[in-house]
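A quick write-up on the structure given underneath.
The values are calculated or read from the model by the stated rules, or taken from the named source; none is laboratory data. The structure presented is a predicted model; accordingly, all values stated were derived computationally and were not measured. So basically every Cβ, Gly included, is an ideal-geometry build from the backbone, and we count neighbours across all protein chains shown.
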Amino acid sequence: MVALAQAPGIRRLLEIYPSDGLSSMILLLTLVPYWLFLLYAFGLYRASGASIRGVSLQNAMRGFTALTVGSWFLFLLMVLVRGVDAPVAALAIFWAAASVAVPFGRWVARTVVWRRSAFAERVLIVGAGTVGHTLSAKIAKHPEYRIELVGFLEDGEPMPNGTGPEVPVIGSLRELEAVIESERVNRVILAFSQARHQQFLTVARICAEHGVKVNIVPRLFEVLSSRAGVDDLEGIPLLDVVQVELGQLNMFIKRMFDLLVGGILVLFFLPVLAIVTALIKLDTPGPVFFRQERMGRNGRVFRIFKFRSMTVGAERQREDLASLNEYSGPMFKMKEDPRVTRVGAWLRRTSLDELPQLFNVIRGSMSLVGPRPLWVEEAKQCKGWAKKRLQITPGMTGLWQVMGRNDIPFDEMVKLDYFYVTGWSLSWDVRLMLETIPAVFARRGAY
């Protein structure tokens, strides 16, 4: 670092301007190539093109890290060259402004340019079985992934599609090259086709020759977390099946995080809590809060707090409406539930009915992030490995809420809970909390 700071070119660049604010900002702007290189080094101009989901919160966090590392590097360099005259204040202002402006600018650029139809990816799925149809259904639910699903390739007999919109089988694997050219395919996903091993190798070779990206759904994907690591054994990649058991230290860290952030959120939302309380009292007679027994960590039963969104006595009407249940599995959900009040419908769409659960978090019966707290009778439906979800405190938000809430079937929700428990980390909790914000505004599965 000292040798770099003493290099004639670097030293001249850092000494060329006086230490007043305007000139210092001009100096920082002349370092644009340095910032572009740094953002590239941290993968911001590569990851979004390779990922099927495009830009994500992870990209934004990577950009924030790049700007922070670059700013600290410049800070140390300037102190070594200019000492007390180093424009530290200007660098701090630049870092704060760039941390907001760069992610916002990238978001605007992608909204205006990248998401145009000309930039959409045309995707072909090899395998028209259960996994292939599940993939097509998930793709259909996420238009923000900018994916146009071309169809399936399958050598054997395709299975009927019962999980989403109808997608045609447009050929066999022998026709892959012709399909890639005629349908202008950008990406191929291998999803458990009935093809033989050698045919899969041929698929990968043909895609490489045509510059087409390839994704492979791994075997036993049901027990693999999306955060699974990859080992290497003399060129053979080995996927790690993560088995993280939350010990006392991890639970203590998670609890301290809940108390700190939960306490701040309670203070921040106090005015909102007061307004919603008044609206509920003005709308319909009855209590402000709804309390219900849910199953928590290690099977302990607790009473959850929510703003009341239904008429008084709604629970007693559940059996009468059972035939109208629109949710698969033991849970009960209706998009047009007649028991929901006018204010209650708005609370559900905006997820404000969940805010009182912050008091559950402070009391320790819930966490900010974790598996969805199931009704006692619903929790009893979790058998075998699915009971692992009871090893951790249920949360206000989590993978289920971020990925679609009521649009996620019960069996898949339980699998998401399993992934969360086996792959827990504090950084993942922070990421899920941040991803909850756009999920709430998008109102995915909220009713």
Practice task
Please find, among S323, S309, the residue that is loosely packed, with under 15 Cβ neighbours inside 10 Å and modelled with pLDDT under 90.
Solution key: S323
Handout entry: Residues (at positive phi and charged (D, E, K, R)) located in the range 339-375
Key = none
Practice task
Identify the single condition in (1) more than 25 Å from F441 (Cβ to Cβ); (2) of a type in the set (A, V, I, L, M); (3) surrounded by 19 or more Cβ atoms within 10 Å (Cβ to Cβ) that V361 does not satisfy, given that it satisfies every other one.
Solution key: (1)
Completion exercise
With the first residue restricted to the range 145-159 and required to be outside any strand (DSSP E or B), and the second required to be β-branched (V, I, T) and surrounded by fewer than 19 Cβ atoms within 10 Å (Cβ to Cβ), Cβ contacts under 9 Å at 6 or more apart or on different chains are Y145/I52; E154/V169; P158/V169; M159/T130
Practice task
Identify the single condition in (1) part of a loop (DSSP other than H, G, I, E, B); (2) modelled with pLDDT of 90 or more; (3) not acidic (D, E) that Q194 does not satisfy, given that it satisfies every other one.
Solution key: (2)
Completion exercise
Filtering the range 349-399 for residues that are touching a helix residue (DSSP H, G or I) at 6+ places or on another chain (Cβ under 8 Å) and in a loop (DSSP other than H, G, I, E, B) leaves a count of 14
Exercise for the section: Return only the number of the condition from (1) within 22 Å of A379 (Cα to Cα); (2) surrounded by 12 or more Cβ atoms within 10 Å (Cβ to Cβ); (3) modelled with pLDDT of 90 or more that M334 does not satisfy. Expected result: (3)
Handout entry: When residues of the range 129-141 are limited to those that are in contact (Cβ under 8 Å) with a residue 60 or more places away in the chain and either in a loop (DSSP other than H, G, I, E, B) or in contact with a Pro (Cβ under 7 Å, 6 or more places away or on another chain) (or both), the one farthest from H197 (Cα to Cα)
Key = K141
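In the range 103-126, is there at least one residue being polar (S, T, N, Q) and at pLDDT 75 or above? Spell out the reasoning first.
So in the range 103-126, the residues polar (S, T, N, Q) come out as 111, 117.
Of the ones still in play, those that are also at pLDDT 75 or above are none.
Looking for residues that are polar (S, T, N, Q) and at pLDDT 75 or above, one finds none in the range 103-126, hence no.
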Exercise for the section: Could you tell me whether E412 is closer than 18 Å to Q292 by Cβ, in a helix (DSSP H, G or I) and at pLDDT below 80? Expected result: no
Practice task
Find all pairs meeting these conditions: Cβ atoms under 7 angstrom apart; at least six residues apart or on different chains; first residue within the range 272-293 and among the small types (G, A, S); second residue part of a loop (DSSP other than H, G, I, E, B) and surrounded by 13 or more Cβ atoms within 10 Å (Cβ to Cβ).
Solution key: G286/R308; G286/V312
Handout entry: Any chance V150 is β-branched (V, I, T), modelled with pLDDT of 70 or more and not assigned by TED's automatic domain parsing to the domain that holds H197
Key = no
Handout entry: Candidates V212, V276, V230, V217 - the one that is modelled with pLDDT of 70 or more and touching a Pro at 6+ places or on another chain (Cβ under 7 Å)
Key = V230
